[in-house]
1. Run the reach check for LYS88 against aspartates and glutamates, Cα to Cα strictly under 14 Å, same-chain hits fewer than 8 apart removed. What comes back?
2. If you take the beta carbon distance between LYS216 and PHE28 as r and set R0 to 41 Å, what does 1/(1 + (r/R0)^6) give as a FRET efficiency, to the nearest 0.05?
3. Filter the GluC sites (Glu not before Pro) in the range 172-262 down to the DSSP loop ones having no more than 14 other Cβ atoms within 10 Å, then list what survives.
4. Please list, by residue number, every one of the trypsin sites (Lys or Arg not before Pro) in the range 57-149 that is coil in DSSP and has at most 16 other beta-carbon atoms within 10 Å.
5. What does the accessible area per residue of the chain come to in Å², with a 1.4 Å probe and no ligands, DNA or RNA counted?
6. Estimate the FRET efficiency between LYS200 and SER313 by the formula 1/(1 + (r/R0)^6), using the beta-carbon distance for r and 22 Å for R0, to the nearest 0.05.
7. Would you please give the FRET efficiency between ASN186 and LYS2, computed as 1/(1 + (r/R0)^6) with r the Cβ-Cβ distance and R0 = 51 Å, to the nearest 0.05?
8. Which far-off residues, 5 or more places away or on another chain, put their amide H under 5 Å from the one on ASN63, with H placed in the peptide plane?
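The values are calculated or read from the model by the stated rules, or taken from the named source; none is laboratory data. Everything numeric in this text was worked out from a predicted model, so none of it was measured. Reconstructed Cβ throughout: ideal geometry from the backbone, glycine too, with neighbour counts over all protein chains shown. Calculation scope for accessible area: heavy atoms of the full protein, side chains included, ligands and nucleic acids excluded. Shrake-Rupley method; radii C 1.70, N 1.55, O 1.52, S 1.80 Å.
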Amino acid sequence: MKTSEIYNLGIDMGIEADFRGRKGVEKFLAGKKEKFEKLSLEEQESFSQEALNNPYLDSRILNISEDKEIKKVLVGIDIEPAEILIAKNLDGIDLIISHHPLGKGLASLSDVMELQADVLAYYGVPINIAEGLMRPRIDEVSRGINSRNHERAVDAARLLKFNLICLHTACDNLAAKFLRKKIENNSKIERIADLMDILKEIPEYKKATEIGAGPKIFVGRPEARCGRIALTEITGGTEGSPKLFEKMAHSGIGTVVGMHISEEHKKEAEAANLNVVIAGHISSDSIGVNLFLDQLEQKGIEIIPCSGLIRISRANG
Ligand SMILES: [Fe+2]
């Protein structure tokens, strides 16, 4: 497989696992096209055409130094110049894959956050409320990442002649779908303790537990009943609006399972009587990345994990 084929596979798997379904993703892209066509010629020139075909602008091809057949990839949760130097010291790395967005992928992180409104609607939050509260939060995230040194790792890859891609929301969608399957409609889960037991059976969380980064109850007690469990904090860029917790509680959600939560959000969840279980950040990221990497492994590509990735292969069942 060439770099672009690997990347396209990641995007396609992300669409397949998307909360909105393939049809919903197509609708999202059609909406962008409609917006694009209404722009003036001058505005159209500065619009990234990629946005018309790629629903995850935080997942990108960042550098192709040599468009060759890929046999060995270095994959990490965060790729920084240090990891690119590591690649230089390893033998035969053809491609570096970062989970967290870099370069133009990082600059576009807020673009994927619209997905969160659909995730919330899936769990019963009225779409007008979800969209209304997400809109200012998306703008806030967009301003927040504006000052970052987006191209640092991309420059390093270019200088050291490495192919580099990032797959963020595409992989987070895979983690969300995997966890939904494990948790939703699982008759064994009544209380938070049951939920914790199920999470701790997942190999990535088991390994994270060994280093003290396993699933933790941030709000609630082990004996508390879960009510409806929602996976609203796994995919869709980054944290949503703190004001959403009260709305989620009113919409029938009892427990939120997420990757991470800020103190401000935790306080809002407490005030709304929502339970919050934080499954773990890097471990949850690893689940999504692993499900993608299994496909590469099956095609004979060698995987070298780095930068926190807890590599678990499910390639052979
Ligand atoms: Fe992450």
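1. Filter leaves GLU80.
2. Working: r = 33 Å, r/R0 = 0.81.
Using R0 = 41 Å, I get an efficiency of 0.75.
3. Values: sites: GLU184, GLU190, GLU201, GLU204, GLU210, GLU223, GLU233, GLU239, GLU246; in loops: GLU184, GLU190, GLU201, GLU223, GLU239.
When the GluC sites (Glu not before Pro) of the range 172-262 are filtered for loop state and at most 14 Cβ neighbours within 10 Å, GLU184, GLU190, GLU201, GLU223 remain.
4. Numbers: sites: ARG60, LYS68, LYS71, LYS72, LYS88, LYS104, ARG137, ARG143, ARG148; in loops: LYS68, LYS71, ARG148.
Those that pass, being in a loop and sparsely packed, are LYS68, LYS71, ARG148.
5. On the way: 14730 Å² over 317 residues.
Dividing the accessible area of the chain by its residue count gives 46 Å².
6. On the way: r = 20 Å, r/R0 = 0.89.
Efficiency, from the Cβ-Cβ distance: 0.65.
7. Working: r = 40 Å, r/R0 = 0.78.
After rounding, the FRET efficiency stands at 0.80.
8. Those lying under 5 Å, H to H, from ASN63 are LEU164.
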